[in-house]
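Working notes, structure below.
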Amino acid sequence: MKFARLIALALLALVLAAGCSKESETLKIGAVLSVTGPASFLGEPEKNTLMMLQDEINAKGGVDGRKLEIIVYDDESDVNKCVMAAKKLLEQDKVAAVIGPSISGNTLAIMKSFSQAQVPLVSCAASEKIISPVDPWVFNTPQLDRHAVLKILQDFKKKGYSKVAILTVSDGYGQSGRAVLQELIPAQGMTLAADEVYGPKDTDMTAQLTKIKAAGPDAIVCWGTNPGPAVVARNRVQLGIDTPLYMSHGVASKKFIELAGDAAQGIVLPAGRLALIDQVPDNHPQKAVLVAYRDMYAKKYNAPVSTFGGYAWDGLQLVLNAVKAGKSALPKDIRDNLEKTKDFAATTGLYTYSPANHNGLDESAFVMVVIDKGDWKVAE
Amino acid sequence: MDLASLLQFAISGLTVGATYGLTALGFTIIFNTTGVINFAQGEFVMLGGMMSVFAMRALGLPEPAAVALAVTATVIVGALVERLAIRPVSGRPAMDLVIITIGVSILARGLAMLVWGKDTFALPPFSGDTPLPFLGAALMPQSLWVLAISLGLLAGLKYFFSATLTGKAMLACSFDAKAASLVGIGVRRMVLLSFMISAFVGAVGGAILAPLTMTSYDVGVLLGLKGFAACILGGLGNPFGAAVGGLILGVLESLGAGLVSSAYKDALAFVILLALLFVRPQGLFGKPESKRV
């Protein structure tokens, strides 16, 4: 009788030990992304990128001998579903860190639960509210509007422009850009000559441009996503305005050039290096990772890489780098080591996190490009 | 504000206004025959533009042929809408039919999104895109096309409704369908015809606008709304009023953006519309409603 109990106990201990050792061999990373719904253009490439990396890394032996398991939930671009998914990742799946969400609103909605659960969150959304004020457990990977505006204003300084007109779209993207422009243009010693707005569905911006023309600025900055900026570009040519036109990184895609047609000629904008891999010099620290990402993605999905997928790539690589640096997959250690990240080359830029900076990028994540004969050209 | 700028606001206002006016015309034609507001009118405009783009891209047709094909196809869609969605429930109150047209518009938009995706597309301008200087303002050749074709359509419709037997028969149907059928008018045929004509007007509008404003699966929503507002402004049921209502709305928006604030241009135009309706509920060119007791 006693003997049988002893054996049973020993067996139980064995099973538990086996369970434990198996647990420690797997590194569980969660992700909550907008794979479907209106924001699917963000979430889909992000999910594809994470799945691709999971297979690739496991095929090469995992992370420091641990098998990588990525659990992806789709929030359908819906904030309620995102909150539920985050809860599930934290309470049931017990992940070591989470990548995502894809959009700012969803990130803001779940941030608090991560600091409560003490699990690091690396968001793929760009709003400044995510990282300012700094929440010790929340990081993000995209470039901020501030970096794009600074890059544009540096270009203005170089060219001696001081009177700037802005034309922004009246949606979330445009209004966030407008606020930063309104703040930084005077701060950089320039004057805001005109501040015009257009609606996301507007099809004619000649009235705004005529008003801007009358103000006589040195340069015009338009802040929006397709198709508005293409209309602005066309209207500008139609009105015969030869003031230089700058765009935001929101239109750094071939689609914009297609829509604006000949009117795109000479437009200048800040773009991430992922949009112009071939023009990045070979000795640039990002070159290798950019080429690797593009080739891997093309091989697996037979599709071009997008900036958004890059945010997820960067988020995961930053977390894995923190795991390797600290030789620990405990959420707290991952957080501490994320904060020590220095000059980590990824697809969006070189990340340097610190306790005061959880975005990690600066304006050098952008390159100024000029559109010439239907293609991008680095404008240095 | 100098004269050239004012002229520029007027020109862009008239061009945008012509787009509202064309949509408003489509509303008027169906309303005149059936007493129904067809909220799928904006979708006809969208189909005209999107099908032109895809006839050019996918079939490689030259632009005039692509536009002709798109317009024909949209007219067929208009006929199908009447046969499949409106006729089976004919005799129901007008409000029911209005709700059905809203359903049709959602369906058409959804299908367009599935087939052509969510992207925006541009059509090349009919005759180049070198702006013509006009008293210091810039005038696009395409704007002239839009204004000329809109005026042509308006004149044609005016003639059709007031001088042809078929046109008069269609008007008769809207006054009293039963009486019209008693005097030997094929009411069903007239309703079918009205859907085809308004699909034609919408599709032509969509095709001539696409080079200026670009097109996507969801352009119909806003155009439908603005076109409807133009109809009300001009007086519901009056083709001339619809066209002029559209032009006025366009110019108001453009002047609002140029002279007051571009952030409030839509609000401004609609505030003026509301104010006008308080004073003249029948619209600018509508006849006051009177009931005989």
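Report yes if A:ILE110 is in the same structural domain as A:ALA31 (by TED's automatic domain parsing) and of a type outside the set (Gly, Ala, Ser), otherwise no. Give the derivation first.
Details: in the same structural domain as A:ALA31 (by TED's automatic domain parsing): yes; of a type outside the set (Gly, Ala, Ser): yes.
Against the criterion (in the same structural domain as A:ALA31 (by TED's automatic domain parsing) and of a type outside the set (Gly, Ala, Ser)), A:ILE110 qualifies.
For region B:97-115, taking the residues that are in contact with a Phe, Trp or Tyr (Cβ under 6 Å, 6 or more places away or on another chain) and more than 14 Å from chain A (Cβ to nearest Cβ), the one that is nearest to B:LEU84 (Cα to Cα) is identified as B:THR101. What about B:GLY250, is it more than 12 Å from the chain's Cα centre (by Cα), at pLDDT 90 or above and among the small types (Gly, Ala, Ser)? The answer is yes for B:GLY250. The criterion of at least 3 residues that are closer than 30 Å to B:TRP116 by Cα and within 14 Å of another protein chain (Cβ to nearest Cβ) is met by the following helices (runs of 4 or more DSSP H) wholly inside region B:1-94: B:3-34, B:41-57.
Considering B:SER127, B:SER105, which residue is in a helix (DSSP H, G or I) and hydroxyl-bearing (Ser, Thr, Tyr)?
Values: B:SER127 fails: in a helix (DSSP H, G or I).
From the options B:SER127, B:SER105, the qualifying one is B:SER105.
Would you be able to say whether some residue in region A:371-378 is touching a helix residue (DSSP H, G or I) at 6+ places or on another chain (Cβ under 9 Å), modelled with pLDDT under 95 and of a type in the set (Phe, Trp, Tyr)? Yes, some residue in region A:371-378 is touching a helix residue (DSSP H, G or I) at 6+ places or on another chain (Cβ under 9 Å), modelled with pLDDT under 95 and of a type in the set (Phe, Trp, Tyr). Checking each residue in region A:242-254 for being within 12 Å of chain B (Cβ to nearest Cβ) and surrounded by fewer than 22 Cβ atoms within 10 Å (Cβ to Cβ) picks out A:SER253, A:LYS254. Looking across region A:338-377, the residues that are assigned to a loop (DSSP other than H, G, I, E, B) and under 23 Å from A:LYS254 (Cα atoms) come down to A:ALA346, A:THR347, A:THR348, A:GLY349, A:LYS373, A:GLY374.
One line per residue, one yes/no per condition, for (1) surrounded by fewer than 23 Cβ atoms within 10 Å (Cβ to Cβ); (2) part of a loop (DSSP other than H, G, I, E, B); (3) at pLDDT below 95; (4) more than 8 Å from chain B (Cβ to nearest Cβ):
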{"position": "A:ILE185", "(1), (2), (3), (4)": "no, no, no, yes"}
{"position": "A:GLY240", "(1), (2), (3), (4)": "yes, yes, yes, no"}
{"position": "A:PHE256", "(1), (2), (3), (4)": "yes, no, yes, yes"}
{"position": "A:LEU259", "(1), (2), (3), (4)": "no, no, yes, no"}
{"position": "A:ASP262", "(1), (2), (3), (4)": "yes, no, yes, no"}
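Residue by residue, here is whether (1) assigned by TED's automatic domain parsing to the domain that holds A:ARG178; (2) out of contact with any Pro (no Cβ under 6 Å at 6 or more places or on another chain); (3) of a type in the set (A, V, I, L, M); (4) closer than 28 Å to A:ALA215 by Cβ holds:
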site: A:ARG236; (1), (2), (3), (4): yes, yes, no, yes
site: A:GLY240; (1), (2), (3), (4): yes, yes, no, yes
site: A:MET247; (1), (2), (3), (4): yes, no, yes, yes
site: A:GLY250; (1), (2), (3), (4): yes, yes, no, yes
site: A:SER253; (1), (2), (3), (4): yes, yes, no, no
site: A:ILE257; (1), (2), (3), (4): yes, yes, yes, yes
site: A:ALA260; (1), (2), (3), (4): yes, yes, yes, yes
site: A:VAL268; (1), (2), (3), (4): yes, yes, yes, yes
site: A:ARG273; (1), (2), (3), (4): yes, yes, no, no
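Within region A:303-313, how many residues are surrounded by 17 or more Cβ atoms within 10 Å (Cβ to Cβ) and over 19 Å from A:GLY250 (Cα atoms)? Looking only at that region, the number is 1. Taken over region A:214-233, residues that are facing chain B (nearest Cβ under 8 Å) and either more than 22 Å from B:ASP218 (Cα to Cα) or modelled with pLDDT of 90 or more (or both) amount to 3.
All told, A:VAL180 falls short of being within 14 Å of another protein chain (Cβ to nearest Cβ) and out of contact with any strand residue (DSSP E or B) (no Cβ under 7 Å at 6 or more places or on another chain). Among the residues examined, B:LEU209 qualifies as surrounded by 17 or more Cβ atoms within 10 Å (Cβ to Cβ) and facing chain A (nearest Cβ under 10 Å). Considering region B:217-231, and only residues there that are crowded, with 24+ Cβ neighbours inside 10 Å and not basic (Lys, Arg), the residue that is farthest from the chain's Cα centre (by Cα) turns out to be B:TYR217.
Of everything in region B:128-165 that's more than 30 Å from B:GLY258 (Cα to Cα) and surrounded by 14 or more Cβ atoms within 10 Å (Cβ to Cβ), which residue is nearest to the other protein chains (Cβ to nearest Cβ)? Quick ask: steps written out before the conclusion?
First, the residues of region B:128-165 that are more than 30 Å from B:GLY258 (Cα to Cα): B:155-165.
Retained after the next criterion (residues that are surrounded by 14 or more Cβ atoms within 10 Å (Cβ to Cβ)): B:157-158, B:160-161.
Working: B:LEU157: 24, B:LYS158: 27, B:PHE160: 29, B:PHE161: 29 Å.
So the residue we want is B:LEU157.
The values are calculated or read from the model by the stated rules, or taken from the named source; none is laboratory data. Because the structure is predicted, anything quoted here is derived from the model rather than measured. Using ideal geometry, Cβ is built from the backbone for each residue, glycine included, and neighbour counts are taken over all protein chains shown.
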